[in-house]
Structure formats: C-alpha cells, structure tokens
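Worksheet: one structure, shown below.
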C-alpha cells in the first residue's frame, strides 16, 4: 500500500527507507509531506531562500521509478534534504546570504551535494545562511521564541529540521555554526572530524576551519547521513585507517576479551569559557552526568579532568586565522562595502591589520593545539560539555562564548544533542566530543545513551512552540526529569527539580 501520510517528526531516514521497502509509502509521499510542511510553516519561520515543489516532485518520481524497478535502496533514497545556501547547486542559485551575489547560478553541484544526490536524496531547495556564513543574522526565526536567535550561519537548515519540514539538512561550521543552531532550536547537529566531508564547490571562509556537517531530526540517522556524505576508501588513508581500526572504534560491549573489557570513559569538561554559562546550564549537565552514572552503572566512568592549559589559547588563535582569512578571501566584496554588513566589514578590517607572519604563526599554533587536544582525547571515549552557554539569547544580543569553537579549531568531531531546557522552557544542547576520526565510536556512544534513555531519540521529544504556545516543561526522557532533583541534592546545588532539569 502507498499513499500513507509521512510526518518527518515520526519518520526519519530509517523509517522512510523501511516504508519504501515495505510499500507503505513512496518518495511521492515524502515529497508531499515536505511541501505541505513548508507551506504550513515557512511564513512563520523563514527557513528557506529557495524552494521548488515541482522540482522536488520530479525528483521523487525518479526515485519512485527506481524503487519500482527493484533497484537497491540507496542510503538516502527518496529522503528530502535541505542544503545551506553556500553550497553550489546546479538546480538553484547560490547567493550566500549576500546582496552582492543575488541570483548567482554556479551551474554545478558542490561535491557534498553530489554525494547527497548519489545517495538518492531529494533536494527541495536552499536554506537561509548568514551573510557569507559569518555573523550577520538572516531572516530565519527561532520557532521556540521569535525574539530569540536561531543561531547564525546554519540557522535556516537547523530550523527546517527542527520544525519537521525535512528530516535532514546540510550545514557548515567554522566556529560553532552547527552546534549553536542545533542547541538553540532543539535539534540534533553533527560537525564531523575536519575533512571527512569534502568542501569542493562551496563558499570558503578559511582553509583550516571550515567543516561540513548536518542536522537530523532522529538520532538513529546520524551515522547514515555521515556515511552518505563522507569520503571513503584508501584514497583517504588516514581517515580510512582510523574508521576501519576495529579496536579503536570498539564500544565497551564489543571488546572481545575480559582483559580488554572496561566501561565507557567519559570526561565532563569545564572549558575556560565555563564562567559564561548560567547556573541552570551548569547544573543541567551535572545532573545529566549524575543520571548517566545511575543509569549505566558499571558501564560508564565519568571523570572531571582539567583541560590542557594550552587550549585556553583557542579563541585567540581562531580569531587571528578567521579574520585574516576573511580579509583575504573577501577583498573584492570589501571594495563594495556599502553592500556588505557592518559586522563583515569590521571583521575584514580587523583581518587586514594582521600581518602574514602573525597569520602563519596562528596556523602553526593551530596544528600544535590540535595535537594537544588529540593527545588529551586519547584518554577518553567521549567528552561531554555544554553545546552553548545556555538558551538562545535575544536576536540583537551577541552569543556568549562557548566551547564549540575549540573543537572546530582542534578538528574534532562534535555533536549537539537536544537534551536540556532552560527555566524559560527554551532548548539548549549537550555537546559530545571525541578524538579526531573517532566519529564511529562517538556515534556508538550516542546510540547506547539513546537506548538507555539518556538522550532523546528524536528532536521532536521537545515539540517546539512559539511564544504564545509554550513548549512542554521538559524535553528529555521522563527519567531525567524525575532524577535530576536527587542529583542536584547530591551535588549540593540547592535548586528545584525543574531548575535542574532545565
């Protein structure tokens, strides 16, 4: 039977493919669901800069015909995927959030977009980005609270997933532009290890920081989307060797001998920016760790190590690399400064004051800091910290410093999980980090934590709501709400269960 209703809040990639295989629904149903959700919600949240329902329908028809011929289902067969508007697309303009590039049609697909199409994805359009994927906020609205920022650079992609318009969206991160929007809009966001997803055919802001990643509504889809997008094979020897090192990527339960058996080694990190996090956010993650110990027992060991002191330099080094690269790559745009935002112009001017020697020294220091982070993370399977300092700030207020930038500079994989709620009922994320190229191990930990009820299976456990319709009091598994009060008491936090669970 086909023609069944598809709802991306219930049907992620796995459910769609299973439905196609069983004949419960077809790619046409997924395309119709996407178009209907966009029609119903786009006027309120402004996630898209381009959307073409006819093109989506044509792509769905081709996918459905392929399935009807009995061809094997590809990883993203018939799955609508939104694309951030900094990737070249043959079918849509690539305008990069800039009036200077309005209507620009590159005539080709970025390699990441090619990988999506090769995996069978349906591309309905392009999502809003900040100007040149930097800091100037676009038109996208945070669906939880219209007066709050949705995050900047990848905000359109995050909101498209958070509102159930698509189950997957492509994003990028140079500082925190996947982790932060995911945190502020209550969805899953993954920034893989640097270089795993190719950057050919997309806007470049920096050489050593720009990282391609994505948003999903369902935790189970993280690995599937990564496999569809990333590079594979011996042409990429370092990542290929790491991904295929069974001992390195083995979860505790997969270790073959009693001698090698051990619990998950998890580090609770309080980076140098920890002081910017409000009390409710700090207590939320401490409560989560308490619950993880209680739930997993001997299967987890959570320690609280000090980060290497050198990593306090990350924000300074990042600023030098970032600003100098912007000044170099956007020289032509700066000549028409009247069509460039004040924020972008200021960053370019700051970058022009950085000498080549200072830039080269910062790049060298990035390599050293990445090695320091790599050595540190070898002692742990996963590290956990806050994705953002807390809930989304007001649209006109600058985001408080957070640690997302550190893991970008160190080129480590990071995931924002939609776990916490603030006292205002707004989402903010738990950030999970691993050693570079230990993306598979990180995803195994996520899967076990979801199965244990420590992480939500979907973004929609936190059904979003506007200011007039507050979202549920807690958007995490009930166990977290119940036990956080005890955890806070054990920690001596002195706050109510609701405040700690938030």
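Where a number appears in this text, it was derived from the coordinates with a stated rule and is not lab data. All values reported here derive from a predicted model rather than from experimental measurement. So basically every Cβ, Gly included, is an ideal-geometry build from the backbone, and we count neighbours across all protein chains shown.
A few points about this structure:
- The order of the peptides 272-284, 347-359, 331-343 by mean Cβ neighbours within 10 Å, most packed first, is 272-284, 347-359, 331-343.
- Convex hull of alpha carbon positions in the stretch 192-289: directionally averaged projected area 10.1 nm².
- Rounded to 5, the percent of DSSP beta bridges in the chain classed as antiparallel: 70 percent
- Nearest-0.05 FRET efficiency for residue 227 and residue 10, computed from C-beta distance (R0 35 Å): 0.95
- Full extension of the chain between residue 298 and residue 452 gives 54.1 nm of extra length, using 0.36 nm per residue less the Cα-Cα distance.
- In the stretch 327-389, inverting the average of 1/r over every pair of distinct C-alpha atoms gives 14.9 Å as the Kirkwood radius.
- Note on the chain: helix-only mean residue ellipticity at 222 nm, from DSSP H runs of 4+ residues weighted -39500 (n - 2.57) and normalised by residue number, equals -11500 deg cm²/dmol.
- Here the simple spin-label model places points 7 Å from the Cα toward Cβ, and for residue 337 and residue 62 these points are separated by 4.6 nm.
- The order of the peptides 199-205, 81-87 by mean Cβ neighbours within 10 Å, most packed first, is 81-87, 199-205.
- For the peptides 147-158, 306-317, 385-396, 18-29, the ranking by packing is 147-158, 385-396, 18-29, 306-317, with the highest mean count of neighbouring Cβ atoms within 10 Å listed first.
- Residue 100-residue 368 FRET efficiency (beta carbon distance; Förster radius 45 Å; 0.05 resolution): 0.80
- Geometric extent, Cα atoms of the chain - Rg, Dmax (angstrom): 21.7, 67
- Estimated FRET transfer efficiency (residue 255, residue 73; beta-carbon r; R0 35 Å; 0.05): 0.60
- Extension gain from residue 349 to residue 22, taking 0.36 nm per residue of separation minus the Cα-Cα distance: 111.9 nm
- Virtual spin-label span in nm between residue 36 and residue 397, 7 Å along Cα→Cβ: 3.9 nm
- Potential extension, residue 43-residue 358 segment - 0.36 nm per residue separation minus Cα distance: 108.8 nm
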